[in-house]
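Right, one structure below, let's go through it.
Read-outs throughout are calculated quantities, based only on the coordinates presented, and are distinct from any laboratory measurement. The shown structure was predicted, so the numbers you read here are calculated from the model rather than taken from an experiment. Please note: Cβ atoms are built from the backbone with ideal geometry, for glycine as well, and neighbour counts cover all protein chains shown.
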């Protein structure tokens with residue numbers, strides 16, 4: 001199983017920083033007996049590994065070598081590779097950089113590395129063999145991608161940052177097969193202008209007969225891409241127990257440095 005982590009964004013809402021926003025310290029982790037700052041993207045990495053991802057791909061911009069330095073070549077038994085998005089052309093363009101790596105029969109997990117959400121096993125609750133969205137209730141769905149679904153979870157529409165959104169459930173991560181990812185990619189290539197947002201592309205795919213499932217298993221979701229979101233994440237983590245050791249190693253076996 002793959003985990004795709006789109007990390008090419010410039011993070012303009014929380015700049016200036018001296019490092020990539022995905023390495024923003026949020027909460028802590030234990031390195032042996034020592035507690036160290038925890039990069040915000042580690043929360044997503046942990047959740048993907050917990051759900052069974054053995055291969056992770058960070059999609060980064062050319063200037064984000066600090067992410068490579070931080071994570072190196074493996075984390076918690078999962079191997080890591082990197083793809084480069086030369087220009088910031090949106091989430092679809094970012095994710096589809098990984099298409100050549102993925103076999104149609106493989107399962108793929110996708111999440112956003114500047115978010116913190118619970119439950120930790122949320123990705124484990126997504127079914128295999130199709131396209132499913134892990135959904136979270138929020139107070140202001142117009143700031144996110146709201147998922148409109150029937151009572152049985154059948155997705156009808158993704159409302160992308162839409163004022164007056166008719167659902168307060170948003171997607172925070174999703175799972176799909178390599179075959180469906182290829183279908184979405186090939187559809188995206190036919191679209192002019194090409195979709196920057198996954199939600200609008202999925203809407204067209206649904207209109208052409210595709211099926212997707214909303215899994216309303218999310219409890220809490222925070223976008224750490226703003227200063228207010230950062231404060232909310234710290235508050236949220238203060239109500240949760242700290243996790244145990246997290247081990248990251250590069251090819252030579254050296255633990256990566258914390259962001260500074």
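Okay, here's what the table says:
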item	result
Residue in region 58-81 that is free of Cβ contacts under 8 Å to residues at least 24 places away in the same chain and in contact with a strand residue (DSSP E or B) (Cβ under 7 Å, 6 or more places away or on another chain) present	yes
Residue 40 vs. criteria surrounded by 17 or more Cβ atoms within 10 Å (Cβ to Cβ) and farther than 20 Å from residue 234 by Cβ	no
All positions within region 220-241 that are over 20 Å from the mean Cα position of the chain (by Cα) and not in a helix (DSSP H, G or I)	238, 239, 240, 241
Flag if residue 28 is under 30 Å from residue 239 (Cβ atoms) and in contact (Cβ under 8 Å) with a residue 40 or more places away in the chain	yes
Region 90-105, residues that are without any contact (Cβ under 8 Å) to a residue 60 or more places away in the chain and surrounded by fewer than 17 Cβ atoms within 10 Å (Cβ to Cβ)	100
Filter result (surrounded by fewer than 16 Cβ atoms within 10 Å (Cβ to Cβ), over 19 Å from residue 195 (Cα atoms) and under 18 Å from the mean Cα position of the chain (by Cα)) within region 131-160	137
Positions within region 185-215 being surrounded by fewer than 19 Cβ atoms within 10 Å (Cβ to Cβ) and within 17 Å of the chain's Cα centre (by Cα), in sequence order	196, 197
Residues of region 144-169 classified as outside any loop (DSSP other than H, G, I, E, B), more than 11 Å from residue 216 (Cβ to Cβ) and in contact (Cβ under 8 Å) with a residue 60 or more places away in the chain, total	1
Residues of region 126-143 classified as more than 18 Å from residue 108 (Cβ to Cβ), in a loop (DSSP other than H, G, I, E, B) and in contact (Cβ under 8 Å) with a residue 40 or more places away in the chain, total	1
